[in-house]
Amino acid sequence: MHYYGDSILRTTATPITCIDGDLKTLADEMVVTMRHENGVGLAATQIGRTQKIAVIDPTGGEAKPYILINPEIVYASPDTVIEDEGCLSVPTIWHPIKRHKRVSVKALDLDGKEYMIEDADGRLARAIQHEVDHLNGILFIDHLSPMQRRLISSKLKKLAKTGGEQD
């Protein structure tokens, strides 16, 4: 796992052009890591890979996870919702973040077939936006106001210095 302060988290992921056994293995490893860390989603950049792939499971393992290859948000509702959000790469920090209430995302599956998740809402919509942000080098804390960032700046400095190690 890579943590706040690691430059790979600011990298824009490279679109995937070949879906092969290595990518399927990566997807499986990402699901295992996400579940081990009790996460809702995980982007490849969080584990040091620059491919444009994310996994999402807002059910905590009760449903088959979504595998999003080259995801692209094609619709975002004008209505928004503010809810607490955290990140496996920015541990111990939770903050209210404004996100679109509903989104639709287009992606490829592990067979290379395009599919859509239409009008996702709730945790799924938030996770989609969060993971697509990751693949574009954006962290959830980038959505905070300058004042909100100042309030958590000491925690962020500590995370960057310790590489995510917690007390």
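The values are calculated or read from the model by the stated rules, or taken from the named source; none is laboratory data. This one's a predicted model, so the numbers in the text were calculated from it and none came from an experiment. In this analysis, Cβ positions are derived from the backbone assuming ideal geometry, glycine residues included, and neighbour counts consider all displayed protein chains.
For segment 105-124, name all the residues that are of a type outside the set (D, E, K, R) and either closer than 13 Å to Glu72 by Cα or free of Cβ contacts under 8 Å to residues at least 12 places away in the same chain (or both).
Residues satisfying the conditions are Val105, Ala107, Leu108, Tyr115, Met116, Ile117.
What number of residues within segment 67-87 satisfy the criterion of being farther than 30 Å from Ile16 by Cα and surrounded by 15 or more Cβ atoms within 10 Å (Cβ to Cβ)?
So the answer is 1.
So how many residues does segment 3-14 have that are in a helix (DSSP H, G or I) and either among the β-branched types (Val, Ile, Thr) or surrounded by 13 or more Cβ atoms within 10 Å (Cβ to Cβ) (or both)?
Counting residues in segment 3-14 that are in a helix (DSSP H, G or I) and either among the β-branched types (Val, Ile, Thr) or surrounded by 13 or more Cβ atoms within 10 Å (Cβ to Cβ) (or both) gives 3.
With out of contact with any Asp or Glu (no Cβ under 8 Å at 6 or more places or on another chain) and not hydroxyl-bearing (Ser, Thr, Tyr) as the only criterion, which of Pro71, Pro96, Pro78 stands out?
On the way: Pro71 fails: out of contact with any Asp or Glu (no Cβ under 8 Å at 6 or more places or on another chain); Pro96 fails: out of contact with any Asp or Glu (no Cβ under 8 Å at 6 or more places or on another chain).
Answer to the check: Pro78.
For (1) in contact with a helix residue (DSSP H, G or I) (Cβ under 7 Å, 6 or more places away or on another chain); (2) part of a helix (DSSP H, G or I); (3) over 23 Å from Gly60 (Cβ atoms), each residue gets a yes or a no:
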site: Met1; (1), (2), (3): yes, no, no
site: Ile16; (1), (2), (3): yes, no, yes
site: Leu23; (1), (2), (3): no, yes, yes
site: Asp28; (1), (2), (3): no, yes, no
site: Met34; (1), (2), (3): no, yes, no
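Look at His130 and say whether it is modelled with pLDDT of 95 or more and in contact with a Lys or Arg (Cβ under 9 Å, 6 or more places away or on another chain).
Here the answer is yes, as His130 does meet what is asked.
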